[in-house]
1. Taking Cα atoms, how many degrees apart are the long axis of helix 107-123 and the longest axis of the chain, rounded to 10 and kept between 0 and 90?
2. For region 155-161, take each phi angle, set θ = phi - 60°, evaluate the Karplus expression 6.51 cos²θ - 1.76 cosθ + 1.60, and give the result in whole Hz per residue in order, putting x for glycine and proline.
3. Counting just the Cα atoms, what span does region 1-141 cover along each of its three principal axes? Round to the nearest Å and put the largest first.
4. When N counts the residues of region 17-70, how does its alpha-carbon radius of gyration compare numerically with 2.2 N^0.38 Å, as a ratio?
5. What do you get for the angle between helix 129-139 and the principal long axis of the chain? Use alpha-carbon atoms, 0 to 90 degrees, nearest ten.
6. Expressed as a whole percent, how much of the Cα-Cα distance distribution for region 94-248 exceeds 22 Å?
7. What value in Å³ per residue do you get for the convex hull of the alpha-carbon atoms in region 99-160?
8. Taking every pair of alpha-carbon atoms in region 55-108, give the share separated by more than 15 Å as a whole percent.
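Derivation of every value follows stated rules applied to the coordinates shown; laboratory data play no part. Quick caveat, the model's predicted, so the values are computed rather than measured.
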Amino acid sequence: MDEVEVVVAHSERATLRIGDVFLKVDADRARLDIEVEAMALAPVPTPEVLWYKPPALALAAIPGTALGRLGEPSTASPAAWAAAGAAIRRLHDAPSPPWTGRAGLSIEELVAELDYECEWLVTNDVLPADLVTRNRRIAEAALRPWTPAFTHGDLRIAHVFVDGDEVTGIIDWSEAGRGDALFDLATLTLGHRERLGDLLAGYGADVDRDVIRAWWSLRVLLVLRWLIEHGFDPFAPGCEVDVLRSQL
């Protein structure tokens with residue numbers, strides 16, 4: 001009998017792996033509904049839905065390996081990164097879903113979140129005030145008008161799978177929806193800035209790299225408190241706090 005592997009587990013959701021099946025359990029049915037619908041709409045490889053009975057979703061495993069892991073060098077080839085860029089471009093060029101995703105927050109919403117999170121980080125002595133202040137200044141370049149695109153919304157490097165130089169699948173679509181395309185590009189290259197050129201070679205569009213760098217700072221500032229409160233370690237080498245330090 002296959003063992004049960006706990007992939008991730010916290011108070012909001014859990015993912016288990018049993019052989020070639022992933023079982024996701026989520027306290028928020030809306031997230032699972034979005035995941036199922038987004039995968040059906042996305043013009044890129046996604047996991048096969050085996051069955052869906054809220055609050056649980058069963059998905060078939062995707063062949064290949066993750067493009068990389070935050071905190072570790074990516075061993076994927078430049079061609080694999082370019083293939084990921086081409087796949088993301090197909091997603092961004094597809095008709096947008098009728099709902100707004102995590103990458104689609106308005107400037108006003110982002111500023112309000114940024115105010116709260118930066119104050120929390122400083123007040124609770126999580127980070128030095130100058131590190132927060134300087135990254136917030138960098139982040140402001142991402143606060144500009146953008147053209148809505150079909151975005152993944154949580155396009156972490158571990159969510160893109162490749163086999164050789166071919167993208168075999170993209171997982172975890174619960175944050176998908178209309179949003180800023182550069183949010184996805186920044187999320188995928190977070191902690192792997194040296195791979196941005198390879199990614200954009202496949203993406204093929206004229207992209208403002210300063211905005212991607214701004215999203216690196218903005219995304220980390222917004223997610224640090226959540227990571228800490230849910231048992232993750234953003235201070236691990238090469239992870240979120242090191243991303244903020246590397247921006248200076």
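1. Approximately 70 degrees, to the nearest ten.
2. 7, 5, 4, 6, 9, 10, 10
3. The Cα atoms of region 1-141 stretch 52, 36, 36 Å along the principal axes, largest first.
4. On the way: Rg = 11.9 Å, N = 54, 2.2 N^0.38 = 10.0 Å.
Normalised Cα radius of gyration, region 17-70: 1.18.
5. For helix 129-139, the angle is close to 70 degrees.
6. Of all Cα-Cα pairs in region 94-248, 40 percent lie more than 22 Å apart.
7. 119
8. Roughly 71 percent, rounded to a whole number.
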